Structure formats: C-alpha cells, structure tokens
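The values are calculated or read from the model by the stated rules, or taken from the named source; none is laboratory data. Note that this is a predicted model, so its numbers are computed, not measured. Positions of Cβ are generated from backbone atoms using ideal geometry, with glycine treated the same way; all protein chains shown enter the neighbour counts.
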Amino acid sequence: METEPVHHVAPWEWGALAALAAAALLLRLYALDRIPAVVFHDECDNLVNVYQILHGRGPGFFGIDWKPQPAASVYIVSLAVRAGMSVFSLRAVTALFSVAALVPYYLLVRRAVSAPAALLASWLLATDIWYLHFSRAGWDNVFVCVPATAAALSIGAAVATGRIRHFAWAGVWSAIGAYGYPAGRLILPAVVLSAVVGFATPRGERRRIAAGIAVTVVVALALCIPQLPTALRDWDRYQSRARLVSALAGDNQQKSAGEQVDIVLGNFTDKLMQLFTDWIPKPKDEFPERYLRAEDGAFTRLTVVLLICGMLLSVTSRTWLAATWLWWVFLLVLFFGTQALTAGSSLNGARGVIFVPILYLFVGLALQQIWAVGRRWGRLGAGLLIAVVLGLSAWTTLQYFWWVQSPETLDALQPAIPVEEFPAWQARAYEWTRDSDGFYNLTMWEADKHERTENGRWPASN
C-alpha cells in the first residue's frame, strides 16, 4: 500500500509521544549508576574536563576539549555534574539527549507513515541495542542525533515549501552539530546535498532553493564564528582526531589515487554489509565490541528484516521515494563520512550512532506496510502488530542488558574503573584538577593507587 506523505500531527499524538519518551527515559535511568558496571576511559576523561571547568582551569566554552573537539559538550555535562557529582549525573545527561532525539525522529518519519507506524518505529529506536548503549554512557556521541534528525526535518520542509525560515533552521541545526562530536560536522554537507537533490523534486523551484542553500550555509557559518579563532589558532590539534582516524592517513597517504579510492570503496561495502550480518569482525587492535554487539550483530535479526524491507519499499515506489529520498541522502553522507572515510575494517559504533535514527526511518516504512495489511483484519491485525513490536522491543532491551553486563563487553571497555571504585577516583580527580592544570588519566590513577598502598598517602598533584 502506498501512502502520501503526512504533515499534520494530531494533538493526541503529542500525548502518545510524551508517554513514549517518558518510558524511554525511565528505561535509560534504570540502574544507570550500576550498568554498565565500569566507568570506561572516555567517560573518565570527559569528567576530568568537567572538573577542570568547575575549578576554572578547563577549556573555554568555545575552546577545545581532550578529544579534541569543541568543548561545548563537556560544558553541558558540567551542568548536570554541578547538580550531583556521580556516575548517574554523568550518564543522565546523555540519556536526556537520546530521548530528545525521538521528537524530531518522530516528526521526520511521520511525514511518510501513519501515526501508529511512527509511534511503533519510535519505540523500536528507543529500545535498539546500539542506540540504547550510547544512551546510557557518559559520552557525547549520541548528542549529535538531535541536530542530525532536526536538520533533516528542517531541510525536508524547506525543499517542500521553499520557505526561507526552514532553510535557516537547517543552518542552525547544522551549526549545533558542528559544536559536538566530530560526526556532527557531516550534518551541513548532508543538508546542502539534500537541498541540491531537491532541485529534481516535482515541487523544487531552483532559484528559491539556491537562495535557501545560501541562507543555510551563511547561518551555519555565522553561528560557528565564535569557534573559529580557537580552531585557527590550534588548527593541527583541532584536526588531529580527524587525521588520526582517517582511512587515508599513515601509509595509505602515500598510495596512488586509484588505490585510495579502492580503500574507501572497500570500507564502504564491507562496513555496509556488517549492518545486516550477525557477526562483526574483530581484527587485531580493533575493538568493535566496545561499542557494538559484535558477535550477534549490531541489530537483532527481525530488526534487520524490517530494515531491509523498508529500504526496498523506499526505492520500489515513486510515492515512497518522493517521501524518502531525503533519508537516503542523509544515510549515505553520514555513513560514508563515519565509516568509509575512517580507518579500521570493522563497523565503528561510536562514530556511526549518528545514523542509527536514520536507519530506523526505513524500519518505520516497513511497519507502515505491515500496519496497512493488518488493518484488513480489524483490531486483531492491529493488536497483533503492536504485540510483535512490543515483544521485539522487550527482546532487544534484554539483549542489551545481557550484552553490556557480559565479561567480554566489560573487558572490551577497558581501561576502566569499577563503579564501586568511582567515588575514590572522583575524589582524587577532583583534587588533582583543583591543584593542577595537567590532565589526569586512568594510567595515573593506577600509579596513584599503588603509591597510596605503599606510602599511605596520595602523591602531590603537581
């Protein structure tokens, strides 16, 4: 069954979405200070920057943090830590951002499917293993899912209506993405390419869209101006992470253009296939299981079936494609930038979490088709689909908790400290950042613990 894009959201849907978001938040807050059972090194390093900020020694809001990336994210985390210095407060802010992303996701998928299908798809996203993992960790990767989905929603509305305000909002969200995890820098290219592709849509007015693209870029660049002095002053450090993970760095930098193209295309095809398989390779010096359920696949088998069906539906019907071409543009840009252009032969869950909500748009399309067929059976068909979706979400949730508490996953998250050791680590890190401008990492923590055991006191902080 083909469905025209839907733009109106009824009042009852907002209530249903609010209830769904509340349930998703409760799921994230459950045992948040105990699961995962270790505070891994990225969480600890974020907190060191936060403690530096609290002591007036950290980077400025428009400075660069330890990763290095714009420090805006650790400033957001610092607000939560001010309210309570604990593992819970560190991870709770991430949980809130992951739930916030469900709102633009819902509005985006709602443009192509009915309200029931959109709500069911939103709940499956909320309980997805990959997405749930980054929703319960004190890292800021999942933050960029909010501007990514909001930017897609804005540019879709801009191309459809030609209204400059939508183009401007696309620029705003692109700039917000650039202030976060490095994958967020891909949002503006995805937005611009979407607008360019919009030239070919039936309602595309070329002059107006060209003007809109200019507005989007100008707004995005204008909002990034405060970050520019820091980036230019320390450009090598600002770009160091991108160079470090580039697929064309190191020995590959010396290869011919043809060989480099082969590397990128090989990365693209290999990692794309890993989305749909039940095994992600674990080569030496790569730890995909740190961020993904490598041994059983990133997604459950039923989720993969829904995803593939949704993708096929989106390209086999002109009506569907008219509503979903934007999804393809965003998916390809975000996937290419975070996987094909980055080193490693395994799918990287940390860089790729930004496109998980985009993948679930296609899941919504499959659910819409099933919903349309099920309605022919009346309430029985609708009830059966709802039961299956709730069963799948319960299964994926259980799969997450089993996986994240397994010895293999906890080992992959090393270096890390057990949650019961966190208060002692926090007290030491807080003291260190109060007295020293230097960074404090887990290697130093292990050395300090040894010295305290030997001498009965902590070593000096400077």
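Quick one: in the stretch 337-352, of everything that is over 10 Å from the mean Cα position of the chain (by Cα) and crowded, with 20+ Cβ neighbours inside 10 Å, which residue is farthest from Ile263 (Cα to Cα)?
Of everything passing the filter in the stretch 337-352, Asn348 is farthest from Ile263 (Cα to Cα).
Taking only pairs six or more apart or across chains, which ones have beta-carbon atoms under 6 Å, a first residue in the stretch 113-136 that is over 13 Å from Trp371 (Cβ atoms), and a second residue that is surrounded by fewer than 24 Cβ atoms within 10 Å (Cβ to Cβ) and basic (Lys, Arg)?
Note: pairs meeting the criteria are Ser135/Arg28; Arg136/Arg28.
Taking into account only those residues within the stretch 112-146 that are under 16 Å from Leu331 (Cβ atoms) and not aliphatic (A, V, I, L, M), which is farthest from the chain's Cα centre (by Cα)?
So the residue we want is Asp128.
Without any contact (Cβ under 8 Å) to a residue 12 or more places away in the chain, outside the structural domain of Ala148 (by TED's automatic domain parsing), in contact with a helix residue (DSSP H, G or I) (Cβ under 9 Å, 6 or more places away or on another chain) and over 14 Å from Cys145 (Cα atoms): is that true of Ala92 in this structure? Steps first, answer last, please.
Values: without any contact (Cβ under 8 Å) to a residue 12 or more places away in the chain: no; outside the structural domain of Ala148 (by TED's automatic domain parsing): yes; in contact with a helix residue (DSSP H, G or I) (Cβ under 9 Å, 6 or more places away or on another chain): yes; over 14 Å from Cys145 (Cα atoms): yes.
It is false that Ala92 is without any contact (Cβ under 8 Å) to a residue 12 or more places away in the chain, outside the structural domain of Ala148 (by TED's automatic domain parsing), in contact with a helix residue (DSSP H, G or I) (Cβ under 9 Å, 6 or more places away or on another chain) and over 14 Å from Cys145 (Cα atoms).
For the stretch 312-322, state whether one or more residues are assigned to a loop (DSSP other than H, G, I, E, B) and either on the phi > 0 side of the Ramachandran plot or surrounded by fewer than 19 Cβ atoms within 10 Å (Cβ to Cβ) (or both).
Yes; the residues of the stretch 312-322 include at least one that is assigned to a loop (DSSP other than H, G, I, E, B) and either on the phi > 0 side of the Ramachandran plot or surrounded by fewer than 19 Cβ atoms within 10 Å (Cβ to Cβ) (or both).
With the condition kept exactly as written, say whether any residue in the stretch 375-391 is in a helix (DSSP H, G or I), within 17 Å of the chain's Cα centre (by Cα), touching a residue at least 12 places away in the same chain (Cβ under 8 Å) and in the same structural domain as Asp270 (by TED's automatic domain parsing).
no
Tally the residues that are touching an Asp or Glu at 6+ places or on another chain (Cβ under 7 Å), part of a helix (DSSP H, G or I) and farther than 13 Å from Asp140 by Cα, restricting the search to the stretch 50-73.
So the count comes out to 0.
Yes or no, residue by residue, for (1) in a helix (DSSP H, G or I); (2) outside the structural domain of Leu307 (by TED's automatic domain parsing); (3) modelled with pLDDT under 95:
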{"site": "Val329", "(1), (2), (3)": "yes, no, no"}
{"site": "Leu332", "(1), (2), (3)": "yes, no, no"}
{"site": "Thr338", "(1), (2), (3)": "yes, no, no"}
{"site": "Gly344", "(1), (2), (3)": "no, no, yes"}
{"site": "Ile354", "(1), (2), (3)": "yes, no, no"}
{"site": "Pro357", "(1), (2), (3)": "yes, no, no"}
{"site": "Leu361", "(1), (2), (3)": "yes, no, no"}
{"site": "Gly364", "(1), (2), (3)": "yes, no, no"}
{"site": "Ala372", "(1), (2), (3)": "yes, no, yes"}
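Could you figure out which of (1) part of a helix (DSSP H, G or I); (2) at pLDDT below 95; (3) more than 22 Å from Arg290 (Cα to Cα) isn't true of Asn46?
(3)
Picking from Pro104, Pro59, Pro116, Pro147, which residue would you name as being of a type outside the set (A, V, I, L, M, F, W, C) and more than 30 Å from Leu307 (Cα to Cα)?
Answer to the selection: Pro59.
Would you mind stating whether Ala101 is surrounded by 19 or more Cβ atoms within 10 Å (Cβ to Cβ) and either touching a strand residue (DSSP E or B) at 6+ places or on another chain (Cβ under 6 Å) or modelled with pLDDT of 95 or more (or both)? Walk me through it before giving the result.
Values: surrounded by 19 or more Cβ atoms within 10 Å (Cβ to Cβ): yes; either touching a strand residue (DSSP E or B) at 6+ places or on another chain (Cβ under 6 Å) or modelled with pLDDT of 95 or more (or both): yes.
Considered against the rule, which asks whether it is surrounded by 19 or more Cβ atoms within 10 Å (Cβ to Cβ) and either touching a strand residue (DSSP E or B) at 6+ places or on another chain (Cβ under 6 Å) or modelled with pLDDT of 95 or more (or both), Ala101 comes out as yes.
Among (1) surrounded by fewer than 24 Cβ atoms within 10 Å (Cβ to Cβ); (2) closer than 30 Å to His41 by Cβ, where does Ser135 come up short?
(1)
Pick from the stretch 395-452 the residues that are assigned to a helix (DSSP H, G or I) and of a type in the set (S, T, N, Q): which of them is surrounded by the most Cβ atoms within 10 Å (Cβ to Cβ)?
Thr433
Ala170: surrounded by fewer than 24 Cβ atoms within 10 Å (Cβ to Cβ), more than 14 Å from the chain's Cα centre (by Cα), more than 30 Å from Glu43 (Cα to Cα) and not β-branched (Val, Ile, Thr), yes or no?
no
Within the stretch 176-184, does at least one residue satisfy the condition of being within 30 Å of Ala372 (Cα to Cα), part of a helix (DSSP H, G or I) and not hydroxyl-bearing (Ser, Thr, Tyr)?
No.
Of the residues that sit in the stretch 82-134 and are outside any helix (DSSP H, G or I) and in contact with a Ser or Thr (Cβ under 8 Å, 6 or more places away or on another chain), which one is farthest from Gly349 (Cα to Cα)? So that I can check it myself, show each step before the final result.
Start the filter on the stretch 82-134 by keeping residues that are outside any helix (DSSP H, G or I), which leaves 84-86, 101, 111-114, 127-128.
Pick out the ones that are also in contact with a Ser or Thr (Cβ under 8 Å, 6 or more places away or on another chain) and you get 101, 112-114, 127-128.
Values: Ala101: 17, Ala112: 27, Val113: 28, Ser114: 30, Thr127: 16, Asp128: 13 Å.
Taking the candidates together, the pick is Ser114.
How many residues does the stretch 209-257 hold that are within 27 Å of the chain's Cα centre (by Cα) and among the charged types (D, E, K, R)?
The number of residues fulfilling the criteria is 5.
Among the residues in the stretch 144-155, are any part of a helix (DSSP H, G or I), aliphatic (A, V, I, L, M) and surrounded by fewer than 24 Cβ atoms within 10 Å (Cβ to Cβ)? Steps first, answer last, please.
From the stretch 144-155, those part of a helix (DSSP H, G or I) are 144-155; that's our starting set.
Cutting the leftovers down to aliphatic (A, V, I, L, M) gives us 144, 146, 148, 150-153, 155.
Remaining after also requiring surrounded by fewer than 24 Cβ atoms within 10 Å (Cβ to Cβ): none.
Within the stretch 144-155, not a single residue is part of a helix (DSSP H, G or I), aliphatic (A, V, I, L, M) and surrounded by fewer than 24 Cβ atoms within 10 Å (Cβ to Cβ).
Are any of the residues in the stretch 74-81 among the hydroxyl-bearing types (Ser, Thr, Tyr), in a helix (DSSP H, G or I), surrounded by 19 or more Cβ atoms within 10 Å (Cβ to Cβ) and out of contact with any Phe, Trp or Tyr (no Cβ under 6 Å at 6 or more places or on another chain)?
Yes, the stretch 74-81 has at least one match.
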